[in-house]
């Protein structure tokens, strides 16, 4: 859940200047550009997984229930074995890919670095992102 919230925050920072709110398209665009490497997952897959996890703590988003998106399963590597973290019901229309959570977290860290390198080269974009950080993430409180 925190990983998807982190991706949301990066997409929020990188949304168009004219947009007050982050959208599904912003999330998808950011993941496609910075996070995914063409390993079969798409930004849409991650967005739908995000919706399922954040809204119901399951892999089932609304679009998955409508058979318009696939569910993601997760696994971790432990002692050389792949340990699946799956839901028991397996009546899926689409064969769900299994995502290595540790690899996804590591890739997210790299994606943030790549994102920063990218916006640092563009003065207008950098100024917009810094302004958003200052306005929304930092505040000064005077305690007496």
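Side notes on the structure shown:
- Yes/no for residue 74 being in contact with a strand residue (DSSP E or B) (Cβ under 7 Å, 6 or more places away or on another chain), modelled with pLDDT of 85 or more and surrounded by 13 or more Cβ atoms within 10 Å (Cβ to Cβ): yes
- Of all residues making up region 17-27, the number that are at pLDDT 95 or above and closer than 12 Å to residue 129 by Cβ: 0
- Note on region 8-33: residues that are assigned to a helix (DSSP H, G or I) and more than 19 Å from residue 110 (Cβ to Cβ) amount to 4.
- Test: residue in region 103-124 that is over 28 Å from residue 17 (Cα atoms), out of contact with any helix residue (DSSP H, G or I) (no Cβ under 9 Å at 6 or more places or on another chain) and at pLDDT 80 or above: yes
- Matching residues in region 52-61 - criterion: being in contact with a helix residue (DSSP H, G or I) (Cβ under 7 Å, 6 or more places away or on another chain), within 20 Å of residue 26 (Cα to Cα) and without any contact (Cβ under 8 Å) to a residue 40 or more places away in the chain: 52, 61
- Some residue of region 34-45 being surrounded by 21 or more Cβ atoms within 10 Å (Cβ to Cβ) and over 18 Å from residue 115 (Cα atoms): yes
The values are calculated or read from the model by the stated rules, or taken from the named source; none is laboratory data. Being a predicted model, the structure only gives us computed values, none of them experimental. Here the Cβ is made from the backbone with ideal geometry for all residues, glycine too, and neighbour counts use every protein chain on show.
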